[in-house]
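Okay, structure first, notes after.
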Amino acid sequence: MMIRTTCLVWLLTLLMVSTALAAPTDDSFIAGYAAAVLEREFSLTVPSLRVQSGVVTLAAADLGDADRARVVAQLERIRGVTRVVVLEPGVQPPAPAPIAAPEPLRILSEWQTGVLPGGVLFKPLIADPRWPHFSATWQHYFDDRQLSDAAAVSFGESFAFYRGRIGGAWWEVGLHAGVFSVFDIDSESFDLINSDYLVGIPLTLRYDDFTAMFRVFHQSSHLGDEFLLRTRTNRINLSYESIDLKLSYEFGEVLRLYAGGGYLFDQTPSNLDPFSAQYGVELRSPWPSRESRWRPIAAVDVQHHEENNWSADVSARAGIEIDGVLLTRKVQFLLEYFSGHSPNGQFYKDKVQYFGLGTHFHF
């Protein structure tokens, strides 16, 4: 029953995505969509709004006191928009016909500053099994003593409390929180096996394509009641505080490399070895063009923990990413593979190997 329900959800999701991708993307559609976004999100009526070959232009004077960077970011998420141009004061917007602009145009694409700005400076790690976001994944375990088929779900996100500038760099402080749960879908009542709770405060610095994130966080792990009663598993009260540092560098929109390390403190059990290391690579295909809003992606995340004698825990994911879903969100459909010590807190000593199929949402 659970498998049939999962398949039905997948089919409905794919149908909705296909419908969204099939919607028209001509200039008139984009213009109407852009006008609606400006009115709804910013209470703006923009007479100078023009769309030509996917390029949105509007006069800076029509934006009033609205945050320009946020306006540009919202308009760029509309499917079919190739870029957004804001004409500085004194420059008339171009006519709908393809004529040369009277002066060079300035494209605004800076980050928003201040309290509760949009987005985050440190992009989500695609293949990290414990990166807070919304997801639902079917997992098949190989030769595992407790699991065969499982449903892994996560709920969480990262957002910035405040963002500012230091010279040519950006900095922000925010919140990082998520819940990660695994259910045994082969059991009679789809037992909850394990839930991990993570909450932290990241401090991020970004300069051009380089980003550094220092994070202080808490994680605790809890077993499901039905699973405990059925298996009589010896529960471990796993809980710890941790600090870590991650460094990331992006080569355009195609390649990203990252690496970092962490240290546990105030841990339970108290004899947990504290040090860890993490590194990975992410690839986003330059094809198809940005106008399509979807592209193939792939990522590999590798983690080493002193507690497990520094053996490698490898997580690999590949699939497609669709941008601009529900205006500002990204959705990823990914094939997943994991080999190493279990990322599910209570079972951190168990070696596992699984293949999965997942849907991931990022705000």
TRP111 passes all but one of the listed conditions (1) within 23 Å of the chain's Cα centre (by Cα); (2) outside any helix (DSSP H, G or I); (3) hydrophobic (A, V, I, L, M, F, W, C); (4) modelled with pLDDT of 80 or more; the exception is number (4)
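Of the residues that make up region 122-131, is at least one aromatic (Phe, Trp, Tyr), modelled with pLDDT of 95 or more and either at positive phi or surrounded by 15 or more Cβ atoms within 10 Å (Cβ to Cβ) (or both)? Please lay out each step first, then the result.
The first filter runs over region 122-131 and keeps only residues aromatic (Phe, Trp, Tyr), leaving 122, 131.
Next, only the ones that are modelled with pLDDT of 95 or more stay: 122, 131.
Then keep just the ones that are either at positive phi or surrounded by 15 or more Cβ atoms within 10 Å (Cβ to Cβ) (or both); that gives 122, 131.
Scanning region 122-131, I find at least one residue that is aromatic (Phe, Trp, Tyr), modelled with pLDDT of 95 or more and either at positive phi or surrounded by 15 or more Cβ atoms within 10 Å (Cβ to Cβ) (or both), so the answer is yes.
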Within region 133-169, work out how many residues are more than 19 Å from the chain's Cα centre (by Cα), surrounded by 14 or more Cβ atoms within 10 Å (Cβ to Cβ) and not in a strand (DSSP E or B). 4
Matching residues in region 25-52 - criterion: being among the hydroxyl-bearing types (Ser, Thr, Tyr) and in contact (Cβ under 8 Å) with a residue 40 or more places away in the chain: THR25, TYR33, SER48
Report, by residue number, each residue of region 278-308 that is among the hydrophobic types (A, V, I, L, M, F, W, C) and either surrounded by fewer than 16 Cβ atoms within 10 Å (Cβ to Cβ) or modelled with pLDDT of 95 or more (or both). VAL281, LEU283, TRP287, ILE297, ALA298, ALA299, VAL300, VAL302
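Considering ALA312, ALA299, which residue is under 16 Å from the mean Cα position of the chain (by Cα) and under 25 Å from GLY261 (Cβ atoms)?
Values: ALA312 fails: under 16 Å from the mean Cα position of the chain (by Cα).
On inspection, the qualifying residue turns out to be ALA299.
For (1) basic (Lys, Arg); (2) in a strand (DSSP E or B), each residue gets a yes or a no:
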| position | (1), (2) |
| --- | --- |
| GLU321 | no, yes |
| GLY324 | no, yes |
| LYS330 | yes, yes |
| LEU334 | no, yes |
| PRO343 | no, no |
| TYR354 | no, yes |
| PHE361 | no, yes |
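Test of understanding: among TYR240, TYR249, which residue is more than 20 Å from ASP196 (Cβ to Cβ) and at pLDDT 95 or above? Explain how you work it out, then say what you get.
Working: TYR240 fails: more than 20 Å from ASP196 (Cβ to Cβ).
The match here is TYR249.
Could you identify the single residue in SER342, SER311 that is hydroxyl-bearing (Ser, Thr, Tyr) and buried (at least 18 other Cβ atoms within 10 Å of the Cβ)?
Numbers: SER311 fails: buried (at least 18 other Cβ atoms within 10 Å of the Cβ).
Just one listed residue meets the conditions, SER342.
Considering only region 44-88, give the strands (runs of 3 or more DSSP E) lying wholly within it that have at least 3 residues that are farther than 26 Å from PRO288 by Cα. Outline the logic, then answer.
Numbers: elements: 50-52, 55-59, 83-87.
Where strands (runs of 3 or more DSSP E) fall fully within region 44-88, none carries at least 3 residues being farther than 26 Å from PRO288 by Cα.
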Among the residues in region 202-214, are any surrounded by fewer than 15 Cβ atoms within 10 Å (Cβ to Cβ), in a loop (DSSP other than H, G, I, E, B), in the same structural domain as TYR162 (by TED's automatic domain parsing) and under 18 Å from the mean Cα position of the chain (by Cα)? yes
Looking at region 314-339, which of its residues are under 23 Å from SER220 (Cα atoms) and crowded, with 18+ Cβ neighbours inside 10 Å? SER315, PHE338
Among the residues of region 57-84, write down those that are closer than 25 Å to LEU116 by Cβ, in contact with a helix residue (DSSP H, G or I) (Cβ under 7 Å, 6 or more places away or on another chain) and among the β-branched types (Val, Ile, Thr). VAL71, ILE78, VAL81, VAL84
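The values are calculated or read from the model by the stated rules, or taken from the named source; none is laboratory data. No experiment lies behind these values; they were computed from the predicted model shown. For neighbour counting, all protein chains shown are included, and Cβ atoms are generated from backbone atoms with ideal geometry for every residue, glycine included.
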